[in-house]
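For reference, the structure discussed in these notes is given below.
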């Protein structure tokens, strides 16, 4: 019985995530979630560590989004970033950068 409730609540939560993803609107201009992260020093370092192909893809998406925003347009629906296709390409690098920074700060305390 508990398994069914867990599966049902998991599906409900997944449905809410998809709904909210569509509501945010960044997918309508071709951006992924990791493209919208506020760029502080940690994020800048993580972006610097990206492989060239991921970095070029990120720059293309951001430039296209800026162009569309300036024109007050959105992409055709078939070109929107889908929830299932949105991978967190920057998050692993960002996690590593934050871990290294915290470790460095710990060493500086001693």
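Derivation of every value follows stated rules applied to the coordinates shown; laboratory data play no part. None of these values were measured; they are calculated from a predicted model. Because the Cβ atoms are built from the backbone with ideal geometry, glycine has one as well, and the counts that use them run over all protein chains shown.
Got a sec? How would 71, 82 order by Cβ neighbour count within 10 Å, fewest to most? Present the calculation step by step, with values, prior to reporting the outcome.
On the way: 71 8, 82 11.
Placing the least packed residue first, the sequence is 71, 82.
Computed from label points 7 Å out along Cα-Cβ, the spacing between residue 75 and residue 103 is 3.6 nm. For region 41-87, the equivalent ellipsoid built from the Cα gyration tensor has semi-axes of 23, 15, 9 Å, listed from largest to smallest. The coefficient of translational diffusion for region 25-109, derived via Stokes-Einstein from the alpha carbon Kirkwood radius under 25 °C and 0.890 mPa s, stands at 173 µm²/s.
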